[in-house]
Amino acid sequence: MPHPVLWITHRGERHQQAALNSAPPELAVTMRRSPSKEEILALLPETEFLVSERTGVIDADMIAAGRKLRLIQRLGSQTHDIDLEAAKAAGIPVCYAPVRGCILVAEHMLMQALALAKRAREMMDVVAEGRDFGYPPRRCDEDYFAYNWSGRRGVTGLWGSTVGILGMGEIGQELARLLRPFGCAILYNKRTRLPADAEAALGAQFATVDEMLAASDVVCMLLPYFPETEQSLGRNFFAAMRPGSLFVSCGGSGVVDEVALADALRSGHLGGAAVDTYTFEPVAPDDPLRALALADPRANVILTPHTAAGTGPIDATQPKREREDDYANILRVLRGEPLAGRVA
């Protein structure tokens, strides 16, 4: 008889279906999106495996209700909202599993921010153009080199800067971890503030949106798409950003008003923008950001085709089971093997 699994998620139908399609045959998965505590408590008594995707409170009441629980599996790196002490007392192992796609998006955002600060697109164009800078090339040695021979201006970096993260979910927290070695001051905003110990671990400080925009050298947008966030980042948002600051966007498609962003770049109010998700995808031929990037190869505008999470292996001969790794620890329990990522 299949082993019952309760899967709790805040994600949409597309992601839920991918998880269900990848389930091993020995498991019977019940999927619930943003269920109430009462609904969770009603389902837990017959559940052997509880999967919580990215975030969601798992408290002592839920753990006590899970009389048959053999594992609590968090998909993601956040465990601050799981009562680990209650799980330990009940003898229920708790594990976490970093989400590869989230880490790849965080890496992409770090690349975007660095590329804007270093004005990478302009630097590439200067070298490729190969024009005469007034003196002939000369072989370099330890005593001769022509630093900044093209006379560039405005090239900076991330070290010691202030970075604002709008939408501090799984990706935002992975990004905060990547930024720590750069000595950045990290501000963040999300609907529910993180506990103090989670903030300390990330080196991040909560701020209102207005506070974050006024103080940040780089603003990283990771808001998900919901009807209430559609086109929500418009003229007022960009006007509130610090003059000359940089905007990096890997959040939900359709959240950013691209006309307003292009106007803020064209006016010189913003120092640059890097975008991976768009209102229309594939990107529309008349997209104002595309027009801006095409018009000036030295514009500090970097556009990528919604690939921040990577492209992954493509093998049309194999069935699509893109989330089978999410079940790895459950299968380890069934086989009596050591668990990965155990925190309780």
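The values are calculated or read from the model by the stated rules, or taken from the named source; none is laboratory data. Everything numeric in this text was worked out from a predicted model, so none of it was measured. Please note: Cβ atoms are built from the backbone with ideal geometry, for glycine as well, and neighbour counts cover all protein chains shown.
Each row is one residue, and each column tells you yes or no for (1) under 18 Å from the mean Cα position of the chain (by Cα); (2) outside any helix (DSSP H, G or I); (3) in contact (Cβ under 8 Å) with a residue 60 or more places away in the chain.
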position: Arg153; (1), (2), (3): no, yes, no
position: Glu174; (1), (2), (3): yes, no, yes
position: Leu179; (1), (2), (3): yes, no, yes
position: Leu194; (1), (2), (3): yes, yes, yes
position: Ala214; (1), (2), (3): no, no, no
position: Cys220; (1), (2), (3): yes, yes, yes
position: Pro224; (1), (2), (3): yes, yes, no
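Within region 248-293, if we keep just the residues that are closer than 22 Å to Arg11 by Cβ and small (Gly, Ala, Ser), the residue that is farthest from the chain's Cα centre (by Cα) turns out to be Gly254.
What's the number of the only condition in (1) under 13 Å from Asp217 (Cα atoms); (2) exposed (fewer than 12 other Cβ atoms within 10 Å of the Cβ) that Tyr135 fails to meet? Going through (1) under 13 Å from Asp217 (Cα atoms); (2) exposed (fewer than 12 other Cβ atoms within 10 Å of the Cβ) one by one, Tyr135 breaks only (1). Contact map, region 294-307: residues that are among the polar types (S, T, N, Q) paired with residues that are assigned to a strand (DSSP E or B), Cβ distance under 9 Å, separation 6+ or inter-chain. Pairs shown: Asn300/Leu246; Asn300/Gly272; Asn300/Ala273; Asn300/Ala274; Thr304/Ala274; Thr304/Val275.
Across region 46-67, the number of residues qualifying as in contact (Cβ under 8 Å) with a residue 40 or more places away in the chain and either part of a helix (DSSP H, G or I) or not aromatic (Phe, Trp, Tyr) (or both) comes to 10. The test for being closer than 22 Å to Tyr225 by Cα and either modelled with pLDDT of 95 or more or out of contact with any helix residue (DSSP H, G or I) (no Cβ under 9 Å at 6 or more places or on another chain) (or both) does not hold for Glu26. For region 77-87, the count of residues that are in contact with an Asp or Glu (Cβ under 9 Å, 6 or more places away or on another chain) and part of a helix (DSSP H, G or I) is at least one.
Among the residues of region 68-96, the one identified as surrounded by fewer than 19 Cβ atoms within 10 Å (Cβ to Cβ) and closer than 16 Å to Ala309 by Cβ is Ser77.
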